[in-house]
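Contents: one structure, followed by commentary.
The values are calculated or read from the model by the stated rules, or taken from the named source; none is laboratory data. This one's a predicted model, so the numbers in the text were calculated from it and none came from an experiment. Cβ atoms come from the backbone with ideal geometry, glycine included; neighbour counts cover every protein chain shown. These accessible areas exclude ligands, DNA and RNA; they are computed on the full protein's heavy atoms, side chains included. Shrake-Rupley method; radii C 1.70, N 1.55, O 1.52, S 1.80 Å.
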Amino acid sequence: MTTLFAVVPCFNEEDVLPQSASMLSAKWNELIAAEKISADSRIVFVDDGSTDRTWNLIEGLFSENPLVRGLRLSRNRGHQNALLAGLLTAKEDADAVVSLDADLQDDVDAIDEMLDKFENGADIVYGVRRARDKDSFFKRFTAESYYKILKHLGAKVVFNHADFRLMSKRALDTLAEYTETNLFLRGLVPMIGYPNAVVYYDRKERLAGESKYPLSKMLALAWEGVTALSVRPIRLVTGAGVCSLFVSLTLIIYSIVRLCIGATVSGWTSLMVSIWLLGGLQLLAIGIVGEYIGKIYLESKRRPRFTVDTYLKK
Ligand code: UDP
Ligand code: MG
């Protein structure tokens, strides 16, 4: 039977924690009673350096609820790092780990289906939001455009999937080999490979309290996603360089023609051509330097070069 762990990052979640803890442990008890998960299954609350009573609450839950475990980070390191800390800790005792937010916006009832897919061989099960009708137009538009931009930049992300997912121990062991510090998990996890599946769910309203993701943090995460996953912006610079070289080439021809038919003011031709030519050369040079910096950047991440799924041998 599967030993299933939940990992719940919490930052200043005192308003919502008692309620989400009781909902989660009710779910875990239900799954244990139905013999879908083993009695060793646990729920790990990760305190991401909260400044309110969150850790006291987690300590309280730990002493009264045998399902609960607590992990406290030394200071606030942000959602992605807190999540990673929880996942890598939980994987030691689990067959599979589900990550979800403390406000339970992610539907706990989708976990049954995730478990089914896991038992049918999927190492990673992505929770994907069905509709975004509860979001404001602004949030929906920006979020969906963002996923599309990431895709165009060559990053593999699952559309409308955030950090609600189930991962097998094997997948988490592989994730641990990605030692980079600029963490954007939803872009990293699809790089792991292995069989995967998708479960659709409706994202709910926050149970209580306020969002811990103000616009500034959200923009920082979005930018992290682009820069951690893609060096394609550098290529755009190279492209711009090549384009302006082409423009200068056309200008040269055009100006020579104008010169020949005598329809030009003296000085204009050399000025125009040199502006475009030098600009183009500079952009091209920056782009080429950037290509190497991009390579150094990727090398410095020391990502695993391959992951073996199966090795058949006698
Ligand atoms: N969170 C965290 N560290 C932070 C910010 C947020 O661990 O620095 C957690 C937070 O407690 C919650 C999850 O990340 O469990 C998602 O945050 P939130 O629900 O506020 O984001 P939203 O759903 O509004 O995007
Ligand atoms: Mg939330």
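General remarks:
- Kirkwood radius and radius of gyration were both taken over the C-alpha atoms of the stretch 1-72, and their ratio Rg/Rh is 0.99.
- Residue (of PHE11, LEU245, TYR146) at the positive-pole extreme of the chain, dipole from beta-carbon charges: LEU245
- DSSP loop GluC sites (Glu not before Pro) with at most 10 other Cβ within 10 Å excluded, longest remaining stretch of the chain: 93-204
- With 0.36 nm allotted per residue and the present C-alpha distance subtracted, the ASP112-ILE256 stretch has 44.5 nm of extension available.
- Looking at the stretch 94-179, the trypsin sites (Lys or Arg not before Pro) that sit in a DSSP loop and have at most 14 other Cβ atoms within 10 Å of their own Cβ are ARG130, LYS134, LYS156.
- Compactness index (Cα Rg / 2.2 N^0.38 Å), the stretch 1-157: 1.10
- Distance cut-off 19 Å, percentage of C-alpha pairs in the stretch 183-314 lying past it: 72 percent
- With eigenvalues of the C-alpha gyration tensor scaled by 5 and rooted, the stretch 138-246, Å: 28, 21, 14
- Our coupling estimate for the stretch 300-312, obtained by passing each phi through the Karplus curve with A = 6.51, B = -1.76, C = 1.60 and θ = phi - 60°, is 5, 6, 6, 5, x, 7, 7, 10, 7, 8, 9, 10, 8 Hz, Gly and Pro reported as x.
- When each of LYS36/LYS314; LYS151/LYS295; LYS148/LYS169; LYS117/LYS156 is checked by Cα-Cα distance, pairs over 32 Å: LYS36/LYS314
- Spin-label model distance (nm) - ASN29 vs PHE62, 7 Å beyond Cα toward Cβ: 2.2 nm
- Partner aspartates and glutamates whose Cα lies under 13 Å from the Cα of LYS301, excluding those fewer than 8 positions away in the same chain, are identified as GLU177, GLU180.
- q = 0.09, 0.11, 0.14 Å⁻¹: log10 I(q)/I(0) that the Debye formula gives for the stretch 71-191, counting C-alpha atoms only: -0.27, -0.40, -0.66
- Cα convex hull of the stretch 47-125 - mean projected area over all directions, nm²: 6.1 nm²
- With DNA, RNA and ligands ignored, accessible area of HIS79 (1.4 Å probe; Å², nearest 10): 40 Å²
- Longest DSSP-loop-exposure-free segment, chymotrypsin sites (Phe, Trp or Tyr not before Pro), the chain, at most 10 other Cβ within 10 Å: 1-305
- Divide the volume of the convex hull around the Cα atoms of the stretch 205-252 by the residue count and you get 108 Å³ per residue.
- Highest to lowest packing among 15-23, 212-220, scored as the average C-beta count within 10 Å: 15-23, 212-220
- Considering all C-alpha pairs of the stretch 271-314, those separated by over 15 Å amount to 66%.
- Normalised by residue number, the volume inside the convex hull of the Cα atoms of the chain is 190 Å³ per residue.
- Unit charges at the beta carbon, dipole of the stretch 48-119: most positive-side option, ALA96, LEU73, MET114: LEU73
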